[in-house]
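One structure is given below, encoded as structure tokens.
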Amino acid sequence: SAVISQKPSRDICQRGTSLTIQCQVDSQVTMMFWYRQQPGQSLTLIATANQGSEATYESGFVIDKFPISRPNLTFSTLTVSNMSPEDSSIYLCSVSGTSGRSTDTQYFGPGTRLTVL
Amino acid sequence: KQEVTQIPAALSVPEGENLVLNCSFTDSAIYNLQWFRQDPGKGLTSLLLIQSSQREQTSGRLNASLDKSSGRSTLYIAASQPGDSATYLCAVNTGTASKLTFGTGTRLQVTL
């Protein structure tokens, strides 16, 4: 299994500002993902964080709004830019198993609860 | 486009009862299916992973089955306890870069 930590665990931000969320894994993993869970909703994939190259974004999500970095195999950041109240959500980092196979179990971090005023 | 649905949306049962949660998906071409538990305001805890070639997986009081051809999975919880109260999510992996498509969730409450 993989142990994942996220910082911050929660934050309250003002409209128009940006917040960077960090995700740290205790072992090297091939795949890292960022999900969003809006209030009362299920999880939606924002992007796949690629080590050493640009992230792969899902339909409806763009790099200017959600820039992602992944400098190595254990760390990634997601920035929520120019925030509005509609960005209030839980943001979760997830990773595949250490083998990197598509059949691996996926593990999730504890999430970052963001409230935008 | 894969769509995942969970029924019921909410369930309340007395302690000790056995229960079944349902998950259905529209595209049967999946690599695996995973069941998660989410406590309020928390992240996800992986419960069981079923590969596409498997019919079921068991862990303690939990048993998950998979019928890929009909696009269905069930999570069976035996002898439910108040500590089982949480939202249960199923997610399918279609193998496209390991991306998961999540169901809508079942909110379970086990009462004393």
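Coordinate-derived values only; no laboratory data. What you are looking at is a predicted structure, and each value in this text was computed from that prediction instead of being measured. Because the Cβ atoms are built from the backbone with ideal geometry, glycine has one as well, and the counts that use them run over all protein chains shown.
Miscellaneous remarks
- Listed residue (B:Ser73, B:Leu49, A:Ile4) projecting farthest to the positive dipole end of the protein assembly as shown, Cβ model: A:Ile4
- Our coupling estimate for segment B:58-66, obtained by passing each phi through the Karplus curve with A = 6.51, B = -1.76, C = 1.60 and θ = phi - 60°, is 10, 8, x, 7, 9, 9, 10, 10, 9 Hz, Gly and Pro reported as x.
- Straight-line cross-link partners of B:Lys1 among the lysines, defined as a Cα under 17 Å from its Cα and at least 8 positions apart when in the same chain: B:Lys68, B:Lys99.
- Pairwise FRET efficiency - B:Asp39 versus A:Cys13, Cβ, R0 = 22 Å, nearest 0.05: 0.35
- The equivalent ellipsoid of the protein assembly as shown has semi-axes of 29, 21, 16 Å, largest first, where each one is the square root of 5 times an eigenvalue of the Cα gyration tensor.
- Working note: Karplus 6.51/-1.76/1.60 with θ = phi - 60° gives segment B:7-18 the couplings 10, x, 6, 8, 8, 10, 9, x, 3, x, 6, 8 Hz, where Gly and Pro are set to x.
- DSSP-defined antiparallel bridges as percent of all bridges, chain B, nearest 5: 90
- Set of segment B:5-25 residues, backbone N closer than 20 Å to the point 7 Å along the Cα-Cβ line of B:Ala78: B:13-22
- Counting Cβ atoms of other protein chains within 10 Å of each Cβ in A:105-112 and taking the mean gives 5.
- Here the Karplus curve 6.51 cos²θ - 1.76 cosθ + 1.60, taken at θ = phi - 60°, turns the phi angles of segment B:37-54 into couplings of 10, 10, 7, x, x, 10, x, 9, 10, 6, 9, 8, 10, 10, 6, 4, 8, 9 Hz, with x standing for Gly and Pro.
- Taking A:Pro39, A:Pro67, A:Pro85 in turn, the Gaussian network model of chain A (Cα-Cα springs below 10 Å) assigns the largest fluctuation to A:Pro39.
- Spatial extent of chain B: Rg and Dmax, with the Cα atoms as the point set, Å: 13.4, 43
- When you filter the trypsin sites (Lys or Arg not before Pro) in segment A:1-85 for DSSP loop state and at most 12 other Cβ atoms inside 10 Å of their Cβ, you are left with A:Arg15.
- Taking the fewest neighbouring Cβ atoms within 10 Å as the starting point, the ordered list for B:Val20, B:Val92, B:Val13 is B:Val20, B:Val13, B:Val92.
- Computed over segment A:11-117, the convex hull of the alpha-carbon atoms projects to a mean area of 6.6 nm².
- Proximity of backbone amide H atoms, modeled 1.01 Å from N, is registered between B:Tyr31 and B:Asn93, B:Thr94, B:Gly95 at under 5 Å, excluding neighbours fewer than 5 places apart on the same chain.
- Square roots of five times the Cα gyration tensor eigenvalues for segment B:1-59, Å: 22, 15, 14
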